[in-house]
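The values are calculated or read from the model by the stated rules, or taken from the named source; none is laboratory data. Everything numeric in this text was worked out from a predicted model, so none of it was measured. Glycine gets a Cβ as well: all are built from the backbone with ideal geometry, and neighbour counts include every protein chain shown. Keep in mind that these areas ignore ligands, DNA and RNA; they rest on the heavy atoms of the full protein, side chains included. Shrake-Rupley method; radii C 1.70, N 1.55, O 1.52, S 1.80 Å.
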Amino acid sequence: MPDRIYLDWNATAPLRPEARASMAAAWDISGNPSSVHAEGRKARRLVEDARAAIAAAVSARPEGVVFSSGGTEANALALTPGLRRGAGLPVQRLLVSAIEHASVLAGGRFPADAIKTIAVTRSGVVDLDCLRGMLAGGPPALVSVMLANNETGAVQPVAEVAEIVHAAGGLLHVDAIQAFGKIAFDINSMKADLVTLSAHKIGGPKGVGAIVLADGVQGLEPLLRGGGQELGRRAGTENVAGISAFAAATKAAMAALEADAVRVQGLRDRLEDGLAQTPDMIVFSRDVQRLPNTTLFTVPGLKAEAAVIGFDLDGIAVSSGSACSSGKVQPSHVLAAMGLGRELAQGAVRLSLGWSTSEADIDLALKAWRKLANTLLKEGRRNTA
């Protein structure tokens, strides 16, 4: 659909040419990476080169990278009771921020009665005082706080969170899936113990992800048991083509990260300046650091489902909050956690940009919005009159 404009990059990014080429080349390698013959060794080399590339992107050791079927599996694997660092005590409970992705809110392998939710501020940032109170006086905890929220784009103070968590004898898991390739970070500066990543958010193929372990983290129990792949941490023959493409996308994203962030943020600011021409416009988390590509907005009286459909009919792909809900448009749990009313949450529309987004795309999106707003907001006010 060459005439369409894609502004839903937080849901998934288009496949990068580098990833496509790497995947196609890997398909011609017939060996199983666990085989010892030449064909198997060739496949193994692709996997290990990719492991090194992913590790380098977040300043980790290659042996700390475990490939998975995607971000959801990586998060489920990370949320393991019994994790510990060095001679520390194993974690016995799980604390997750209220704005986490559904795959983290599900709690992994922790029992339901061992899972508690950390509050966030009205700006969508984790409440550090709440975290301190929840950690006090209890057994060691695994704390899960995402680096950047997939709906609002709000960047979380994970280094501060890590200091609080480690002082209480706990471990920190950071879901960096939405931030990877958009902002600079590494596992050491964040002081994270576990970091999870996904290929398709940065222009790799869908169905590939990774968990990255910091030095000294022990006790990771595999979700899948069998052949002992991934140093016994994730059984199953590796997706060689997907993993190779993940690495290619990572290298391309890292090489262009700084320039892309500056350019895309300029486009996002242009978008938000245009949206602000609509009276009573609200851009969520605008008062805190956000991903450079993300705008979540609403206007009182707007219905997100109607807006998403209207944009789509105009040839523009946008979304309503998270896309990981089987196509259902429901009030955002993120906005609910921020203390916003149901009416505003039901009207939240997300536009997210990427490396190929142009000024013309933004101008056409604003033109479509002005037409939509003129229709939808008048209808909404008429229906409530």
* Restricting attention to the stretch 77-117, which residues are over 16 Å from Leu220 (Cα atoms), of a type in the set (Val, Ile, Thr) and over 17 Å from the mean Cα position of the chain (by Cα)? -> Ile115, Thr117
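If I filter the stretch 288-302 for residues that are touching a residue at least 60 places away in the same chain (Cβ under 8 Å), within 17 Å of Ala373 (Cα to Cα), in contact with a strand residue (DSSP E or B) (Cβ under 8 Å, 6 or more places away or on another chain) and in a loop (DSSP other than H, G, I, E, B), do I get at least one hit? Full working, then the answer.
Restricting attention to the stretch 288-302, the residues satisfying the condition of being touching a residue at least 60 places away in the same chain (Cβ under 8 Å) are 288-296, 299, 301-302.
In the following step, the residues that additionally are within 17 Å of Ala373 (Cα to Cα) were identified as 295-296, 299, 301-302.
Applying the additional criterion that residues be in contact with a strand residue (DSSP E or B) (Cβ under 8 Å, 6 or more places away or on another chain) yields 295-296, 299, 302.
Those still in the list that are in a loop (DSSP other than H, G, I, E, B) too: 299, 302.
Yes, some residue in the stretch 288-302 is touching a residue at least 60 places away in the same chain (Cβ under 8 Å), within 17 Å of Ala373 (Cα to Cα), in contact with a strand residue (DSSP E or B) (Cβ under 8 Å, 6 or more places away or on another chain) and in a loop (DSSP other than H, G, I, E, B).
Go through the stretch 277-287 and report how many residues are within 13 Å of Thr121 (Cβ to Cβ) and over 18 Å from the mean Cα position of the chain (by Cα). Talk me through it step by step, then tell me what you get.
Here is the first cut: in the stretch 277-287, the residues within 13 Å of Thr121 (Cβ to Cβ) are 284-285, 287.
This time we only want the ones that are over 18 Å from the mean Cα position of the chain (by Cα), so: 287.
Residues flagged as within 13 Å of Thr121 (Cβ to Cβ) and over 18 Å from the mean Cα position of the chain (by Cα) within the stretch 277-287 amount to 1.
Give the residue, chosen from Ala78, Ala57, Ala52, that is farther than 30 Å from Val120 by Cα and not acidic (Asp, Glu). I'd like the intermediate steps shown before the answer.
Details: Ala78 fails: farther than 30 Å from Val120 by Cα; Ala57 fails: farther than 30 Å from Val120 by Cα.
Only one candidate passes the filter, namely Ala52.
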* **Which listed residue is within 14 Å of Asn239 (Cα to Cα) and not aliphatic (A, V, I, L, M), from Ser59, Ser22, Ser35** => Ser22
* Residue in the stretch 49-89 that is nearest to Ala255 (Cα to Cα), counting only those that are touching a Gly at 6+ places or on another chain (Cβ under 7 Å) and part of a strand (DSSP E or B) -> Ser68
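Please state which one of Val262, Val334, Val329 is in contact with a helix residue (DSSP H, G or I) (Cβ under 9 Å, 6 or more places away or on another chain), part of a helix (DSSP H, G or I) and either modelled with pLDDT of 95 or more or open to solvent by 10 Å² or more (accessible area, probe 1.4 Å) (or both). Show your work before the answer.
Values: Val262 fails: in contact with a helix residue (DSSP H, G or I) (Cβ under 9 Å, 6 or more places away or on another chain); Val329 fails: part of a helix (DSSP H, G or I).
Every option except Val334 fails the conditions.
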* Asked: So, of the residues in the stretch 7-19 that are in contact with a helix residue (DSSP H, G or I) (Cβ under 9 Å, 6 or more places away or on another chain) and surrounded by fewer than 20 Cβ atoms within 10 Å (Cβ to Cβ), which turns out to be nearest to Ala307 (Cα to Cα)?
  -> Leu15
* Looking at (1) surrounded by 22 or more Cβ atoms within 10 Å (Cβ to Cβ); (2) more than 13 Å from the chain's Cα centre (by Cα); (3) of a type in the set (S, T, N, Q), find the lone condition where Gln156 falls short. => (2)
* State whether the residues of the stretch 336-347 include one that is over 18 Å from the mean Cα position of the chain (by Cα), on the phi > 0 side of the Ramachandran plot and of a type in the set (Gly, Ala, Ser). => yes
* Of the residues in the stretch 179-201, how many are open to solvent by 10 Å² or more (accessible area, probe 1.4 Å) and either assigned to a strand (DSSP E or B) or more than 20 Å from Asp127 (Cα to Cα) (or both)? -> 10
* Structure fact -> If we ask which residues in the stretch 207-225 are at positive phi and exposed (fewer than 13 other Cβ atoms within 10 Å of the Cβ), their number turns out to be 1
* Would you be able to tell me the number of residues in the stretch 35-66 that are open to solvent by 20 Å² or more (accessible area, probe 1.4 Å), touching a residue at least 40 places away in the same chain (Cβ under 8 Å) and farther than 25 Å from Val217 by Cα? => 1
* Asked: Looking at the stretch 67-82, which of its residues are hydrophobic (A, V, I, L, M, F, W, C) and either open to solvent by 20 Å² or more (accessible area, probe 1.4 Å) or out of contact with any strand residue (DSSP E or B) (no Cβ under 9 Å at 6 or more places or on another chain) (or both)?
  -> Ala76
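Please determine, by comparing only the residues of the stretch 337-361 that are part of a helix (DSSP H, G or I) and at pLDDT 95 or above, which one is farthest from Gly274 (Cα to Cα). Please lay out each step first, then the result.
Going through the stretch 337-361, the residues part of a helix (DSSP H, G or I) turn out to be 337, 342-346, 359-361.
Those left that are additionally at pLDDT 95 or above: 337, 359-361.
Values: Ala337: 28, Glu359: 12, Ala360: 13, Asp361: 13 Å.
Among those that are part of a helix (DSSP H, G or I) and at pLDDT 95 or above, it is Ala337.
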* Asked: When the stretch 215-243 is examined, which residues are found to be within 18 Å of Leu46 (Cα to Cα), in contact with a helix residue (DSSP H, G or I) (Cβ under 6 Å, 6 or more places away or on another chain) and part of a loop (DSSP other than H, G, I, E, B)?
  -> Glu238
* Asked: Taking the condition in contact with a helix residue (DSSP H, G or I) (Cβ under 7 Å, 6 or more places away or on another chain), under 19 Å from Lys206 (Cβ atoms) and touching a residue at least 40 places away in the same chain (Cβ under 8 Å), does Ser22 pass?
  -> yes
* **Hits in the stretch 94-129 (condition: open to solvent by 40 Å² or more (accessible area, probe 1.4 Å) and outside any loop (DSSP other than H, G, I, E, B))** => Ala102, Leu105, Ala112, Asp113, Lys116, Thr117, Asp129
